[in-house]
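The next block holds one structure in the form of structure tokens; read it before the comments.
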Amino acid sequence: MKVKSFVTALLLVFTMFSCSKYDDSEIWDYVKGMNTRLTALEEKCKDMNTNITSLQTIVAAFENGDYITNVAPVMRNGIQIGYTISFLKSPAITIYNGTDGKDGKDGNNGFDGKDGNDGYTPVIGVKKDADGLYYWTVDGEWMLDEDGMKVRASGIDGKDGTNGTNGTNGTNGENGITPLLKIENEYWYVSYDAGTSWQLLDKATGPKGDEGESLFSSIVVGDNVVIFVLVDGTTFTIPLYNSSTGDDQGGVDDEGHGWVNLGLPSGTLWATCNVGTFDPNNSGFRFAWGETQQKEEYKWATYNYCNGNGSEPYFKMTKYCNKKDFGNNGFTDNLTELLPEDDAATVNWGTDWQTPSIEQMKELVNSEYTTTEWTSYTNSVKGYLITSKSNGNSIFLPTSNCRDGKGYGYVGGSSPSYYWSRSLDTNYPNSVHYLFFDPLGISFSSKDRFFGLSIRPVRKQ
């Protein structure tokens, strides 16, 4: 960023006097300290932009009567720095704490950011106007665009068409605008058009300019609701989902595992997270097929249902085998789908859950029923957002590389990703059908059972 340009200028000045004998340690300490503060400012700007997007989702969830299904802490270097909030219908969000945040009163790890000294940090918020819509604010005042108009945070519902013969269709609702912040040449700027143009706010740097308030003063998680309190006192109360609330579009079990109704012909209800996590952005645990716990090393020699690790391990299956050529000493049991005791979804989440069949996986991404979009959901995690064509509900499958040996088969945010089905490949019973994706698309194949793959459960019917 250009925010660091003045540090370079200082260094050039100091170099002119480098041959002098005076003690310049204080000057260099100042430069190092300023550089550290600027780096912190850049990180803070990134977190604030995430918070702004999250606040807009909260406003929409509040207006649309959505429910919260899970609140999970976000950790960085062993320290809680915020929350991931999952909704029944809206996309999951991440909220970051303010610098030096403290626990909120009567809440679960609420936080109060600290004002910066000398360095300015904009305080972004929302406020309802007389027209009933929410608009963005900055430092308590209405945020105004280049035309002097208030910047809307919430969308407007489209109007119904006039009744009558061949009546006109209703107009589409307008989306709210998401402000974007940046720091350049030591100053804060804001954009209302996704970075096409920028407006100057104020100076960012100072002795403690890297400190400042979060958009949120506290988050209070109650028995039935979650209360979001902004720094200006504005509050949004969103109910927690349980078996006695919500609708037929999804739900949450007693352990906090959520599911969504995508309106699929089979009636399959898909989980909102992978086994091993409550965060839709997290790939969760990896399991060898038919095993229910993670382990250190994934290979034929450590696989539960293979006898031997010689040159022909494929032909030594001891369970789930329909062809004697692949079985240990000709063993067959004709089991072609996981039993509950060998299903990681059932063992870890309970008897209402199971690993999906290959038929359910193919239905999930059938273009007749859903749309699939390669995207960043939150936290810059890549994956596929799968949205129902019948009811608009969606789930997110994050990138999830496979475990092979003691490491991972592939690494990287756009790496090939793999999800187990519960269905044996009956042509080659040493292998199992799985869902595969990368940025180019989604497909299906079969893979040796010993690999460690993620599992996205479905509800048993």
task = Quick one: in the range 140-159, of everything that is of a type in the set (D, E, K, R) and modelled with pLDDT of 50 or more, which residue is surrounded by the most Cβ atoms within 10 Å (Cβ to Cβ)?
result = 152
task = Name the one entry in 137, 162 that is touching a strand residue (DSSP E or B) at 6+ places or on another chain (Cβ under 6 Å), among the hydroxyl-bearing types (Ser, Thr, Tyr) and either part of a loop (DSSP other than H, G, I, E, B) or at pLDDT 85 or above (or both).
result = 137
request  = Would you be able to tell me the number of residues in the range 260-301 that are in contact (Cβ under 8 Å) with a residue 40 or more places away in the chain and not in a loop (DSSP other than H, G, I, E, B)?
outcome  = 8
ask   = Of 193, 202, which residue is under 25 Å from the mean Cα position of the chain (by Cα), over 17 Å from residue 51 (Cβ atoms) and at pLDDT 80 or above?
value = 193
query = If you take the residues of the range 265-289 that are surrounded by 24 or more Cβ atoms within 10 Å (Cβ to Cβ) and closer than 25 Å to residue 319 by Cα, which of them is nearest to the chain's Cα centre (by Cα)?
reply = 275
Among residues of the range 260-300, those that are polar (S, T, N, Q) and in contact with a Phe, Trp or Tyr (Cβ under 9 Å, 6 or more places away or on another chain), counted = 7
query = Taking the range 322-351 only, how many residues are modelled with pLDDT of 95 or more and in contact with a strand residue (DSSP E or B) (Cβ under 6 Å, 6 or more places away or on another chain)?
reply = 7
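The values are calculated or read from the model by the stated rules, or taken from the named source; none is laboratory data. Just so we're clear, the structure is a prediction, and the values are computed from it rather than from any experiment. When we count neighbours, we look across all protein chains shown, and the Cβ atoms used for this are built from the backbone with ideal geometry, even at glycine.
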